[in-house]
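Below you'll find the structure, written out as structure tokens, and then a few comments.
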């Protein structure tokens, strides 16, 4: 169910109730007609309100491809919408229990944004995030302890990454890219590249959060901040002791044999954090990390732990 459809029916019920309240009792035929319409509207509203609610995401464009509120270049509109949806799809895939890999298909790709209307007042489109599917073979599995809709969270992360890139917030970008995967960040940059190529900007809103990207210098900031050559990922192995694991936030602290104390996140491939904590906290282990670098910033994601000879002997 869409928000617009629910709001329309709520308004219709209120209007019909008002008409009936002002209609005299002796106008029997008219009352019967209004009462039947009210019954049908209430029944339809009850059915819809019992269903999961789709979420609106209006997106508007401006710049060279846009002619006021009258038209938009078809090639630009198609390319921009495709790039934006690919970005949110990829970020969403990175936030599922199955996790995003460096290449290959996207997990949970059966659910995506869809166009339901054009936006009034400026040229753009009303996108809609469908409710989560209930088919267990298709549903995007959330991470234990995280909110139940990875795609909604992905849209918010996409907005934030664009904002951090515009403001050159390297710390914020480093945290986000480590969370969502460099492949997802590359898709966000690809969307900005479409805007840059067509001298365009955009604005979008989702659940009270808004992102605005002006054409020209702001778009170029995003392209510069998310350059492929400045974002890298590698695997490192170290011996050390996990001195702290927080299951709800999926955070860890580790004292490496080399001396430094490092902290970071636990990879989504490790699903049972409680069991992992019981097995490895305060024990010597050989630890594998994904290390995501954004220019000079490094973020550690723990992907595995294995026994060392010292662990086996003890």
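The table for this structure:
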{"quantity": "Extreme residue, modelled with the lowest pLDDT, among residues of the stretch 7-36 that are within 30 Å of residue 114 (Cβ to Cβ) and out of contact with any helix residue (DSSP H, G or I) (no Cβ under 6 Å at 6 or more places or on another chain)", "calculated": "7"}
{"quantity": "Residue in the stretch 167-187 that is part of a strand (DSSP E or B), in contact with a helix residue (DSSP H, G or I) (Cβ under 7 Å, 6 or more places away or on another chain) and modelled with pLDDT of 90 or more present", "calculated": "no"}
{"quantity": "Flag if residue 57 is within 21 Å of the chain's Cα centre (by Cα) and either surrounded by fewer than 18 Cβ atoms within 10 Å (Cβ to Cβ) or modelled with pLDDT under 85 (or both)", "calculated": "no"}
{"quantity": "Pairs where the first residue, in the stretch 268-287, is free of Cβ contacts under 8 Å to residues at least 60 places away in the same chain and the second is surrounded by 19 or more Cβ atoms within 10 Å (Cβ to Cβ) and part of a helix (DSSP H, G or I), C-beta under 9 Å, 6+ apart", "calculated": "270/276; 287/280"}
{"quantity": "Test: residue 44 is at pLDDT 85 or above, assigned to a helix (DSSP H, G or I) and at negative phi", "calculated": "no"}
{"quantity": "Criterion: over 27 Å from residue 152 (Cβ atoms) and either out of contact with any helix residue (DSSP H, G or I) (no Cβ under 9 Å at 6 or more places or on another chain) or in the same structural domain as residue 158 (by TED's automatic domain parsing) (or both) - qualifying residue of 240, 201", "calculated": "240"}
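The values are calculated or read from the model by the stated rules, or taken from the named source; none is laboratory data. In this text the structure is predicted, and so the values were computed from the model without any measurement. Every residue, glycine among them, receives a Cβ derived from its backbone with ideal geometry; neighbour counts consider all protein chains shown.
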